[in-house]
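Take a look at the structure set out below.
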Amino acid sequence: MSGVTKDTIQKILLLALAAMTVSMVFISIFNYNDNIEKNDYLDNEKILVREELMDIIKNYDHLGKLQVVDHSILKSERRKAKELLRKIEQSDLDYESIIKYRKQLLTLRKTNRQLHRKFDGSL
């Protein structure tokens, strides 16, 4: 091989290496930004679920003050809500766990509404 050919091959390899390095930097930056967005989303979801659970617990406390209420049902449902709240506060959320907690929250919300209808109708 002549000196010109080796020099050309080295330049091509150097350009390819530089292009790969630049592309890896861009991929890292995009990945970092994507992770920040995902973490922000999960943090916001955690806050929303926590606030809704606190509202449900307050609703159970309000229903507990009524005389016509079956306190064993309220106690059981309040315990479930507090347990879910404890799990959420102690865990690092990912997409699968937030979906699981959202499903449990929907069940608690549905039960809360049913209890409100039942006890509001008996007043």
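Structure notes:
- The angle between the Cα long axis of helix 71-90 and the main principal axis of the chain comes to about 20°, on a 0 to 90 degree scale.
- Ranking 47, 9, 73 by how far each Cα lies toward the positive end of the dipole of the chain (charges on Cβ) leaves 73 at the top.
- Potential lengthening of the chain between residue 12 and residue 27 amounts to 3.2 nm, from the contour at 0.36 nm per residue minus the alpha-carbon distance.
- Residue of 88, 27, 56 that the Gaussian network model of the chain assigns the largest fluctuation, springs spanning Cα pairs under 10 Å: 27
- Potential lengthening of the chain between residue 83 and residue 44 amounts to 12.0 nm, from the contour at 0.36 nm per residue minus the alpha-carbon distance.
- Cα-derived Rg over Rh, computed across the chain with Rh taken as Kirkwood radius: 1.50
- Placing +1 on the Cβ of every Lys and Arg and -1 on the Cβ of every Asp and Glu, with no other charges, gives region 3-121 a dipole of roughly 680 debye about its Cα centre.
- Gaussian network model of the chain, springs between alpha carbon atoms under 10 Å - residue of 105, 13, 66 with greatest fluctuation: 13
- Build a GNM of the chain with springs between Cα atoms under 10 Å apart, and of 51, 96, 77 the one that fluctuates most is 96.
- Helix axis angle, 3-64 relative to the chain longest principal axis, alpha carbon, degrees: 10 degrees
Read-outs throughout are calculated quantities, based only on the coordinates presented, and are distinct from any laboratory measurement. Everything numeric here is computed off the predicted structure, so don't read it as measured data. For neighbour counting, all protein chains shown are included, and Cβ atoms are generated from backbone atoms with ideal geometry for every residue, glycine included.
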